[in-house]
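Take a look at the structure set out below.
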Amino acid sequence: MKKFLVIQQKMVGDVLASTILCEHLKIHFPGSEVHYVINESTLAVVEGNPFVDKIILFKNDYRENKLAFYRFLKSIKKEHYFATIDVYCKLESNLISYFSRADLKISYKKWYSKFIYTHLFSYSHNEKTKLGHAIENRLLLLSSLIQELEKPDLAPKIHLSESENEEARQVLQEYDVDTSNPIIMVGLLGSEHCKSYPLHYLAETLEVISKKHQVTFLLNYIPNQKDKVAEFLSHCTPKTRGYIREDVFCTSLRSFIGLMGQCNVYYGNEGGCSNISKALGIPNFSIFSPWISKTAWLTFNENSKNQAVHLADFKPAILNLPKKERKKSAEQLYKTFKPKFFKEQLDRFIEREVFPDQ
């Protein structure tokens with residue numbers, strides 16, 4: 001029996017994207033065993049995945065405690081993997097790959113780690129990508145194992161049990177949410193300030209929906225962001241404010257995923273939350289940060305229910321600025337990313353995905 005190790009420490013979106021490697025391996029190597037190394041904070045998006053035989057959590061403690069990390073590496077060595085696929089390709093995952101003693105060690109070309117791996121690949125920059133660079137670059141890593149993919153268009157999926165779906169429905173019932181109206185999850189904030197569309201602009205865009213339709217807006221936020229929630233609400237019109245249920249809150253990422261599964265649409269900042277909605281098959285309209293690559297992370301963009309906007313769609317000259325400069329100037333660039341640029345596109349998206357019969 002062949003045993004594979006896929007390594008993807010990072011954020012929710014990255015971990016979700018790499019689950020397709022696990023699925024492809026299970027399709028092409030029936031009877032194989034696939035293990036997946038992820039950060040413990042991202043467990044919720046992999047739980048229940050039928051294509052992952054063993055989830056190996058990289059704990060925060062390993063970064064502080066060198067002895068604990070060494071013991072972790074020794075446990076990897078005992079598994080006798082046939083192949084490791086290191087998607088992360090940083091020092092920690094380099095060491096995991098090295099200690100795996102796998103016959104095949106696959107990753108990306110980096111000058112500092114090339115001696116560890118047997119197969120190395122350069123990142124794709126295909127401008128006509130349909131899958132998105134984030135997916136295409138992961139599929140590259142399979143090419144030394146699989147000549148031709150049986151299902152090349154596989155998308156990342158989150159697998160919820162029926163009991164989890166029922167728990168989410170119970171949450172809506174307990175909060176007395178009117179489920180006869182469409183539910184829209186609003187991604188209020190990105191993972192960083194430089195990935196967050198200005199709150200007063202976001203409030204303005206919600207008017208596009210509230211002026212024409214009766215809906216329920218749920219907000220994605222964590223407890224220490226309540227001041228930002230209050231700031232956002234202060235920018236909303238009374239009508240929009242009346243449709244927002246900021247009190248509906250989940251205490252864990254997994255329960256939030258269940259709640260997202262009950263929504264009709266996701267709208268807001270691109271990031272972990274938007275990737276979760278895509279993995280659940282929920283129609284998605286995302287706003288990219290000016291410094292993040294839309295070509296990389298607008299995955300499966302041929303699907304009309306997966307839409308996104310980027311400042312470069314309206315001001316292409318900003319792409320002449322280096323990425324580091326765009327990140328440094330994100331706040332100023334966001335100020336030029338006016339809601340009027342994409343209000344009509346958002347309106348068409350809502351009409352098509354939420355109110356097709358009107």
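The values are calculated or read from the model by the stated rules, or taken from the named source; none is laboratory data. Small disclaimer: the values here were computed from a predicted structure and weren't measured. Backbone-built Cβ (ideal geometry, glycine too); neighbour counts: all protein chains shown. Protein only, heavy atoms only, side chains kept; ligands, DNA and RNA dropped before computing areas. Shrake-Rupley method; radii C 1.70, N 1.55, O 1.52, S 1.80 Å.
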Residues located in the range 140-164, provided they are under 30 Å from Phe256 (Cβ atoms), at pLDDT 90 or above and open to solvent by 30 Å² or more (accessible area, probe 1.4 Å):
Lys151, Ala155, Lys157, His159, Leu160, Ser161, Glu162, Ser163, Glu164
Only residues in the range 341-358 that are over 18 Å from Thr216 (Cβ atoms) count as the first member; pair them with residues that are surrounded by 15 or more Cβ atoms within 10 Å (Cβ to Cβ) and not aromatic (Phe, Trp, Tyr), Cβ under 6 angstrom, at least 6 apart or cross-chain, and list the lot.
Phe342/Val309; Lys343/Val208; Asp347/Val208
Run down Ile257, Ile292, Ile282, Ile209 and say which single residue is within 20 Å of Leu16 (Cα to Cα) and part of a helix (DSSP H, G or I).
Ile257
Just checking, does the range 227-250 include any residue being under 21 Å from Ile287 (Cα atoms), under 25 Å from the mean Cα position of the chain (by Cα) and open to solvent by 60 Å² or more (accessible area, probe 1.4 Å)?
yes
Considering only strands (runs of 3 or more DSSP E) fully contained in the range 1-120, which possess at least 1 residues that are among the acidic types (Asp, Glu)?
33-39, 83-86
Give me the pairs, please: first residue somewhere in the range 258-272 and over 18 Å from Asp178 (Cβ atoms), second residue anywhere and part of a strand (DSSP E or B) and open to solvent by 20 Å² or more (accessible area, probe 1.4 Å), beta-carbon distance under 8 Å, and either six or more positions apart or on two chains.
Gly268/Asn220
Of the criteria (1) among the acidic types (Asp, Glu); (2) surrounded by fewer than 19 Cβ atoms within 10 Å (Cβ to Cβ); (3) in contact (Cβ under 8 Å) with a residue 24 or more places away in the chain, which one Glu23 fails:
(2)
Taking the range 48-58, which residues are open to solvent by 70 Å² or more (accessible area, probe 1.4 Å) and within 20 Å of the chain's Cα centre (by Cα)?
Pro50
Among the residues listed as Ser252, Ser286, Ser277, the single one being within 30 Å of Glu167 (Cα to Cα), out of contact with any Phe, Trp or Tyr (no Cβ under 9 Å at 6 or more places or on another chain) and polar (S, T, N, Q)
Ser252
May I ask you to list the residues in the range 125-167 that are of a type in the set (S, T, N, Q), assigned to a helix (DSSP H, G or I) and over 30 Å from Val248 (Cβ atoms)?
Asn137
Ser191 being surrounded by fewer than 20 Cβ atoms within 10 Å (Cβ to Cβ) and free of Cβ contacts under 8 Å to residues at least 60 places away in the same chain:
no
If the requirement is being touching a residue at least 12 places away in the same chain (Cβ under 8 Å), within 18 Å of Ile38 (Cβ to Cβ), open to solvent by 40 Å² or more (accessible area, probe 1.4 Å) and not hydrophobic (A, V, I, L, M, F, W, C), which of these qualifies: Lys90, Lys130, Lys110?
Lys90
